[in-house]
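**Student:** Submitted below is the structure of interest, expressed as structure tokens.
Read-outs: derived from the displayed coordinates by stated rules, not from any lab. Small disclaimer: the values here were computed from a predicted structure and weren't measured. Positions of Cβ are backbone-derived with ideal geometry, glycine not excepted, and every protein chain shown enters the neighbour counts.
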Amino acid sequence: PQPRDFLDMDRQYRQIMYLHEAAIQEVVSRLNILKGEFQFSNDRNPISAISSRIKSKESIVFKMEKKGLPMTVRALMMNIHDIAGVRVICPFIEDVYAVARMLIRQKDIQVVEVKDYIRKPKENGYRSLHLNIQINVDFSDTSMNVPVEIQIRTSAMDFWAGAEHQLRYKKEREFTAEDEAKLKHCADIMAQADQEMQEICGEFNLDRENW
Ligand code: 0O2
């Protein structure tokens, strides 16, 4: 490649990142509106926390490599759907589904795929509800549908996923089968706690089926 090609690639990469940053702003803003609405109405809040991230360059390259894809703009846009990531933490399991419904019914949000790792946890015990959506973003002279991965989970699920992620990426020590089993056991404890908390929530009449 010529030096000018490098400049072109860099510009295209920054453009793609900007598109996704704009989409994150849209989604986070809608979630903040919902969160604020529940604060205002003095009801309990199904949203405890909202965070977001743009996938790092390293993580993108690693994923493209894993999928055996060429590092082109087209391949990137077609195959990596979690460049923009938004995470929502909820107190109770049913809140996770309630928040998902609130998002899905919004106009100009299209659901591309739902991965329910709560009803069907991953083998290692990972639980979370993933919504792969496209949100319409207006720019100066055009509007575009941009993909965003929204992960919605309880605090217990988030505690486990955060800790597991840290351990998995520790370079000093290989992840053994025994580690996997111990972590799976912890995931089961979290799932049990979530279940019992949900039951208590029901007993206090805090379930809101029409949310
Ligand atoms: P990071 O650092 O969060 O960016 P696809 O996107 O459909 O090609 P993929 O990547 O398997 O396939 O999608 P999936 O299953 O929806 O998972 C994507 C993201 O979910 C991961 O992103 C993690 O954030 C989270 N995740 C999935 N499985 C696990 C797990 O076992 N443990 C933890 N801690 N998180 C998990 P990345 O790209 O792996 O990482």
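**Student:** Suppose the Debye formula is applied to equal point scatterers at every Cα of the chain; what is log10 I(q)/I(0) at q = 0.07, 0.10, 0.15 Å⁻¹?
**Tutor:** Taking Cα atoms of the chain as identical point scatterers yields -0.26, -0.52, -1.06.
**Student:** Using a Cα distance threshold of under 20 Å, what count of lysine pairs results for the chain when pairs must be 8 or more residues apart or interchain?
**Tutor:** Summing the qualifying lysine pairs gives 27.
**Student:** Restricting to DSSP loop positions (anything but H, G, I, E, B) with no more than 13 other Cβ atoms inside 10 Å of their own Cβ, which chymotrypsin sites (Phe, Trp or Tyr not before Pro) remain in the range 75-152?
**Tutor:** When the chymotrypsin sites (Phe, Trp or Tyr not before Pro) of the range 75-152 are filtered for loop state and at most 13 Cβ neighbours within 10 Å, PHE139 remain.
**Student:** While we're on this one: Out of every Cα pair in the range 1-93, what percent are spaced more than 21 Å from each other?
**Tutor:** In whole percent, the long-distance tail amounts to 47.
**Student:** If you don't mind, another one. Please report the relative contact order for the chain, taking Cα pairs under 8 Å with a sequence separation of at least 6, and give it as a percent rounded to a whole number.
**Tutor:** Contact order relative to length: 20 percent.
**Student:** For the range 70-181, what does the relative contact order come out to in percent, with C-alpha contacts under 8 Å and a separation of six or more?
**Tutor:** Across the range 70-181, relative contact order equals 29 percent.
**Student:** If a helix is a whole DSSP H run, which ones in the chain reach 20 Å or further along their own axis (Cα) and hold a mean Kyte-Doolittle hydropathy of at least -0.5?
**Tutor:** Taking the DSSP H segments of the chain (at least 20 Å long, mean hydropathy at least -0.5), we get 3-40.
**Student:** Moving on to the next point. If you take every residue apart from ASN136 with its C-beta less than 13 Å away from the C-beta of ASN136, what net charge results, scoring Lys and Arg +1 and Asp and Glu -1?
**Tutor:** Working: positive: ARG30, LYS107; negative: GLU26, ASP108, ASP138.
It works out to a net charge of -1.
**Student:** Another question about this same structure. Pairs of Cα atoms under 8 Å, at least six residues apart: use those to get the relative contact order of the range 16-113, whole percent.
**Tutor:** Reported as a whole number, the value is 33 percent.
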